[in-house]
Every structure is written in structure tokens, then in C-alpha cells.
Amino acid sequence: MDGGSGCVTKKYKLVLFGDAAVGKTSLVLQFVKGNFSNEPQEATIGVAFQSKIVCLQDSTVKFEIWDTAGSARYQGLAPMYYRGADAALVVFDITNEDSFTKAKTWICTLQTQVKKSIILALAGNKSDLKYHKSVDRQKIQEFVEENDLVFMETSAKSGNNVTNMFLSIGKFPKLVEKEKKALEDQATSSGHNTTSTTNTSTSAAVAADSLDNEGDDMSDGCCCCCVVL
Ligand SMILES: Nc1nc2c(ncn2[C@@H]2O[C@H](COP(=O)(O)OP(=O)(O)O)[C@@H](O)[C@H]2O)c(=O)[nH]1
Ligand SMILES: [Mg+2]
């Protein structure tokens, strides 16, 4: 199967928001490259772009992922990225109540600012730290139901629900189980994938069309994952 970008039949733009250090960059790197580092990722400046091509039975989807900086300094840039997005994923850290409060603020902002057709999703990340959980599950559930959100607990560290989350946001439910299995098989055969931080993302506090993915080991910043159904 041709996994090159030439066969892309759909593009899916999604944007990540959330407080600093909740694991946004780690989730993206786990989804795109299957990597995780315990070291803090280099702080995102403005926004970082990654993409991943997923080949399906009848189409090839290119996920274009905009990973925004969590710090307040860059929040004014957010509209530039959620405009025209297909989905927005707001991330919080399940061990950090403040990050959940911040996530709720993000969801409310997005609900008033973006088109109704945008899918809004919430990820409670760091689910591997289950003994440290501090955000009340009941509160999360109520918020999710009230706001009709796609919600999953994820772990960028273990990989739990990461692919599931991205594919669910993309409304590709047919694929979820296949992708999940492929990921599990990969983890079983290679052991857990822990790598040191690599500078694979492109950071920019500038408009989207000026990005050029310098520093990526792929020529266009794409990673391709073909799923044979
Ligand atoms: N235990 C655990 N640590 C995580 C997870 N995701 C990210 N981290 C750690 O949290 C810190 C911040 O991650 P980063 O991706 O830079 O967060 P960002 O600022 O939201 O992009 C880093 O030290 C990561 O190793 C996770 O799922 N589990
Ligand atoms: Mg980051």
C-alpha cells in the first residue's frame, strides 16, 4: 500500500490546547512516532506542527496536528489555529486539579468561538499515575456530559488510549480497534518504547503557512502508518 502523501484523500486538522506540562506534546509524539520521554519536552514556542498519515481500506487520512504552547503568553495566537480546524483536543493532567479547571475554561472558550461542526474532545492525560489521581472522576463525567464531549483518559507514557483518542476525534470508529491492536502488537514485539527527547517538531509563533518542519527526520514532517484491514 502506498503510504506516501500522494495518496492522501482526506486531511484532518486538529489543534491541541491545555495547560503547560499536561502532556500535549508527549501525546502527539506518542501518536505520530510511538515515542515517549520522561524528560520534559522542549517548551513549545507558539505552536508545533506534526502530521501523520493513516492509510485506511478506502481512504488515506492525513492528520495535521497543531500542538499549541500552554503558557499564557501565546494564548492570543490560539484563534489562528482553531479557525478552520476539524477538531480541538483539550488536555489536562488527571493528577492536577488546576489543569482541569484550565481545561474547562478552554472548552468554554472554544464553544463560543468555533463553528458548531468542530469536534471538541477532552483528554485526561497521565492515566498511568493512577495512584496520584486528584481530579474527581464524577466531576469530569458531569462536565463531559453537560458539554457533549469526546472524553478519554490517556497516557502518553504507556500509550494507553492515545491512538484511540486521535482516531475517535477523527470519527474513524471502524479503525479504532484495528489501530489499537496494531499498537498493542508493536508494543508487545518491541517492548515499551522509551526514547530520549528528539527535536522533531517545528515550533513557530507565526502563521501556519510559514511552517516548514525543520529538524524533522522526515522530509515533510510526516509519519505514515498503514493499517491493513
Ligand atoms: N507519567 C506521565 N508523564 C507524562 C505523560 N505525558 C507527559 N508526561 C510528562 O509530563 C511532562 C510534560 O510533558 P509535555 O509533553 O512537555 O507537556 P506539554 O507542555 O503539555 O506539551 C514531561 O516530563 C513528560 O514526560 C503521561 O502520560 N504520564
Ligand atoms: Mg508542549
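Using 0.36 nm per residue of separation minus the Cα-Cα distance, give me the extension gain between D128 and Q75 in nm, one decimal. Kindly include the intermediate steps, with their values, before the conclusion.
Details: separation 53, 0.36 × 53 = 19.08 nm, distance 2.85 nm.
Contour length minus the Cα-Cα distance gives 16.2 nm.
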- Once Lys and Arg are counted +1 and Asp and Glu -1 for all other residues with Cβ under 11 Å from that of F63, the total becomes +3
- So, by mean Cβ neighbours within 10 angstrom, what's the order for 81-94, 140-153, 15-28 with the highest one leading? 15-28, 81-94, 140-153
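Return the FRET efficiency for the residue pair N38, D98: r is the Cβ-Cβ distance, R0 is 25 Å, and the value is rounded to the nearest 0.05. Kindly include the intermediate steps, with their values, before the conclusion.
Numbers: r = 22 Å, r/R0 = 0.87.
Computed FRET efficiency for N38 and D98: 0.70.
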- Task: Return the long-range amide H neighbours of T68 (sequence gap of 5 or more, or a different chain), with a cut-off of under 5 Å between placed amide H atoms.
- Result: L16, A48
- Task: Report the full-extension gain for the segment Q113 to D136: residue separation times 0.36 nm, less the Cα-Cα distance, to one decimal in nm.
- Result: 5.5 nm
- Around N125, which amide H atoms from residues at least 5 apart in sequence, or from another chain, sit under 5 Å from its own amide H, with H modelled in the peptide plane? F92, D93, I94, T154
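Quick note: the coordinates plus some simple rules give every number you see, no bench work behind them. It should be emphasised that the depicted structure is a prediction, and the values quoted were computed from it without experimental measurement. Because the Cβ atoms are built from the backbone with ideal geometry, glycine has one as well, and the counts that use them run over all protein chains shown.
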